[in-house]
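Novice: One structure, as structure tokens, below. Some questions next.
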Amino acid sequence: MTKQQAEKKTVKFETEVSKLLDIVANSLYTEKEIFLRELISNASDACEKLRYVSQTDTNVKKTDNFEIRIHVNEKNKTITIQDNGIGMDESDMQANLGTIAKSGTEDFIKKLGDKKGDINQIGKFGVGFYSSFMVSDQVVVRSKKYDSSSSYLWTSDGKGTFSIEPTEFNMSGTEITLSIKKDEEEFLSKYRIEEIVKKYSDFVPFPIFVNSEEDKKEKKDKEEKEEQVNSAEAIWLKDKTKIKEDEYKSFFNQTSTYYDEPLQTIHFKAEGVVNYTALLYLPKSQPQDLYHPDRKNKLKLYVNKVFISDKLDSLIPAWLRFIPGVVDTEDLSLNISREILQNNAVINKISTAITKRILKEISELKKKKPDEFLAFWKNFGPVIKEGLYEFNDFHDQIFDFSIFHCSEKDEMITLDKYINDYANDKKKIYYISGENKENLLNSPQMELFKNKNINVLLITDPVDEFWMPMKMKFKEYDFTSITKGEVDLEDTKDDKKESEQPKENKDFISYLKDHLKDKVKDVKVSKRLTTSASCLVADENDMDMHLKKLMAANNQTISDEKRILEININHSLVSKVMSLDKNSKDKFSEILYDHAKLMEGENLDDPKKYTNLIAELVSL
């Protein structure tokens, strides 16, 4: 028996390994490719530790020549990750690799005490290493500590035990070799490994090189210089004064689906209860997936420059999903699943803070660059207003810059402008909704409001029809649809209550109610019509008519509520029908209902019958 064999130790893991390794390897991480991110992060930490030691300990040679190397051997079915960092001795291996959730990084930071601000560490909880067992059935670690002459070999299949023994390993640092499982051979492709490095570890501060057995042969023949895979510089962590506009634009294009220039760059660092850096952009143009049902956001989350996720719904509200950029924090662990992140307190604080900041920047854009804001609002206003439909704390900020078309001005106005310039004793913000501004201005329901110069918001964004009835108020003003219920304006001299109408008018209204009872909920003398013969309105407690159309168009189940027919008792068409005998009334009275439907842009059940009746009535 050799001396080396005699010194070999086979040890049980200090925790319930079978259970914990199963959690780490199968449940903690959403995607198996994460294993490489974790091992690269550990290697980066090892380099960062030695860099720090070399700068603070005069007995250690100062160096900055750190690197991380990944070697893919398809023939042997192995992946090797190597660093020239601080390394491990036997006790380090026992402590850091022998106990799950035992973090060498965390211990190292604790020992630094108040000096921890001088070192940038990625890992915190020490479980990342065990993600190796997601893709491998054996892990071999060889390591030599920077201040030791001895080197050690750690081996485990992740099933309950590990072994530590002396070995020959001449360089300071650590080498981890994974024996890849048969069904995980996609990771034996050099190009797949490079793809993962670029995705997760592009901004790790040390150079990363990837090679394979074939590369070694080719480079030996051609004497080619190795190319670094990662960028190694996170633009968002640079001093803003040293970043050029071209660099911001390049990163904007690199991290998003936008190909033009950003409208505005938002770059800031937050320190306090939660520490993070954010580099965000206001885009100029709409992305193709802006209205995709999935409503995925475009923000990437990093932890100390290591990519975590670009699918984190809780990082930014869905109504700001068009905002691309990155958020980087040191207050999260790398070893946290996306599912846990969705309800994470740190993420929630970051989300609230960056949402407030984005809305503030949009408000400033409106004040300082109104033309650019208007173009931005046309692209993204309907999406931002989805935030008014949600229960959140941002309504006031959104209202600060939200603008709307209106009947009394050509330009769009804010709600504050409506209140200040068009205040009314009724304390109401009147609105009418439809497909476009021009049709709304010509709507019969608008006639009295135009005659009285009462401003009405012209709502053409479908989202407004959902939040306005729910929100109900802006400050002390009620949102009031002019296509629902009674018109509550002051009566004009010519207005008469239905009870005060002449008997012939009341008789005609009673006749219409009975004759059209299968089509309408009620028939009333209109106060809102001045030039049109008739119109349809919803009852006060019913759904607004255009909202009902929208929901029906989207195949949503809605109650079949009949509408109210209002008639202009002074209109010549109404007078003509009123003057007819009973039989003729029965024949021609439905013209008033069809006329109202046409004014709403609706299809008639029998257009030919309608036109024939109109022609016949005119000839009488």
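Novice: Out of 254, 264, 286, I need the residue that is free of Cβ contacts under 8 Å to residues at least 12 places away in the same chain, under 27 Å from residue 348 (Cα atoms) and not basic (Lys, Arg). Which one?
Specialist: Testing whether each residue is free of Cβ contacts under 8 Å to residues at least 12 places away in the same chain, under 27 Å from residue 348 (Cα atoms) and not basic (Lys, Arg) leaves just 254.
Novice: Related question: Across segment 442-457, what is the total count of residues that are part of a helix (DSSP H, G or I) and either over 17 Å from residue 418 (Cα atoms) or open to solvent by less than 10 Å² (accessible area, probe 1.4 Å) (or both)?
Specialist: Residues flagged as part of a helix (DSSP H, G or I) and either over 17 Å from residue 418 (Cα atoms) or open to solvent by less than 10 Å² (accessible area, probe 1.4 Å) (or both) within segment 442-457 amount to 7.
Novice: State all residues of segment 367-390 that are closer than 17 Å to residue 265 by Cβ, of a type in the set (Lys, Arg) and in a helix (DSSP H, G or I); if no residue qualifies, say none.
Specialist: If the condition is that a residue be closer than 17 Å to residue 265 by Cβ, of a type in the set (Lys, Arg) and in a helix (DSSP H, G or I), then 368 is the only one that fits.
Novice: Follow-up. Name every residue in segment 409-431 that is over 19 Å from residue 461 (Cβ atoms) and either among the small types (Gly, Ala, Ser) or in contact (Cβ under 8 Å) with a residue 24 or more places away in the chain (or both), in order of residue number.
Specialist: 419, 421, 422, 423, 424, 426, 427, 428
So that you can scan it fast, the table gives a plain yes or no per residue for (1) of a type in the set (Val, Ile, Thr); (2) touching a Leu at 6+ places or on another chain (Cβ under 9 Å); (3) surrounded by 14 or more Cβ atoms within 10 Å (Cβ to Cβ):
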| residue | (1), (2), (3) |
| --- | --- |
| 418 | no, yes, yes |
| 425 | no, no, no |
| 435 | no, no, no |
| 466 | no, yes, yes |
| 485 | no, no, yes |
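Novice: Check segment 320-336 and report whether any residue there is in a helix (DSSP H, G or I) and either in contact (Cβ under 8 Å) with a residue 12 or more places away in the chain or over 30 Å from residue 131 (Cα atoms) (or both).
Specialist: Yes: one or more hits.
Novice: Further question: Check off (1) β-branched (Val, Ile, Thr); (2) within 31 Å of the chain's Cα centre (by Cα); (3) in a loop (DSSP other than H, G, I, E, B) for residue 432 and give me the number that stays unchecked.
Specialist: Of (1) β-branched (Val, Ile, Thr); (2) within 31 Å of the chain's Cα centre (by Cα); (3) in a loop (DSSP other than H, G, I, E, B), only one is false for residue 432: (3).
Novice: Select, from 356, 378, 369, the only residue that is modelled with pLDDT of 95 or more, closer than 24 Å to residue 293 by Cα and open to solvent by 50 Å² or more (accessible area, probe 1.4 Å).
Specialist: Within the list 356, 378, 369, the selection yields 378.
Novice: Could you say which residue among 480, 460 is touching a His at 6+ places or on another chain (Cβ under 9 Å), at pLDDT below 95 and open to solvent by 20 Å² or more (accessible area, probe 1.4 Å)?
Specialist: Matching residue, one of 480, 460: 460.
Novice: Also, quick follow-up: Among the candidates 77, 3, 12, 8, which residue alone is modelled with pLDDT of 85 or more, basic (Lys, Arg), more than 37 Å from the chain's Cα centre (by Cα) and farther than 27 Å from residue 205 by Cβ?
Specialist: The conditions single out 77.
Novice: Here is a further query. Is there a residue being among the aromatic types (Phe, Trp, Tyr) and within 15 Å of residue 547 (Cα to Cα) anywhere in segment 397-411?
Specialist: Checking segment 397-411: not a single residue is among the aromatic types (Phe, Trp, Tyr) and within 15 Å of residue 547 (Cα to Cα).
Novice: For the subset of segment 487-510 comprising residues that are under 18 Å from residue 572 (Cα atoms) and either small (Gly, Ala, Ser) or crowded, with 16+ Cβ neighbours inside 10 Å (or both), which member is modelled with the lowest pLDDT?
Specialist: It comes out as 505.
Novice: Tell me, yes or no, whether segment 544-562 has at least one residue that is within 18 Å of residue 446 (Cα to Cα) and out of contact with any Ser or Thr (no Cβ under 9 Å at 6 or more places or on another chain).
Specialist: No, segment 544-562 has no match at all.
Novice: Still on this structure, I have one more. Looking at the structure I just gave you, is residue 311 surrounded by fewer than 23 Cβ atoms within 10 Å (Cβ to Cβ) and either under 15 Å from residue 386 (Cβ atoms) or at pLDDT 95 or above (or both)?
Specialist: No; evaluated as a whole, the condition is false for this residue.
Novice: Consider residue 529 carefully, then state whether it is crowded, with 18+ Cβ neighbours inside 10 Å and either modelled with pLDDT under 90 or part of a loop (DSSP other than H, G, I, E, B) (or both).
Specialist: Against the criterion (crowded, with 18+ Cβ neighbours inside 10 Å and either modelled with pLDDT under 90 or part of a loop (DSSP other than H, G, I, E, B) (or both)), residue 529 qualifies.
Novice: Right, next: What are the pairs with Cβ atoms under 9 angstrom where one residue, in segment 349-371, is in contact (Cβ under 8 Å) with a residue 24 or more places away in the chain and within 30 Å of residue 331 (Cα to Cα) and the other, located anywhere, is small (Gly, Ala, Ser) and part of a helix (DSSP H, G or I)? Sequence gap at least six, or different chains.
Specialist: 351/314; 355/387; 359/387
Novice: Then there's this: Inspect all residues belonging to segment 601-608 and state whether any of them is more than 48 Å from the chain's Cα centre (by Cα) and not polar (S, T, N, Q).
Specialist: yes
Novice: Right, another one. Residue by residue through segment 173-183, note down the ones that are over 14 Å from residue 133 (Cβ atoms) and open to solvent by 40 Å² or more (accessible area, probe 1.4 Å).
Specialist: Passing the criteria: only 182.
The values are calculated or read from the model by the stated rules, or taken from the named source; none is laboratory data. Keep in mind the model is a prediction, meaning the values are calculated, not measured. Every residue, glycine among them, receives a Cβ derived from its backbone with ideal geometry; neighbour counts consider all protein chains shown. For accessibility, only protein heavy atoms count, side chains too; no ligands or nucleic acids. Shrake-Rupley method; radii C 1.70, N 1.55, O 1.52, S 1.80 Å.
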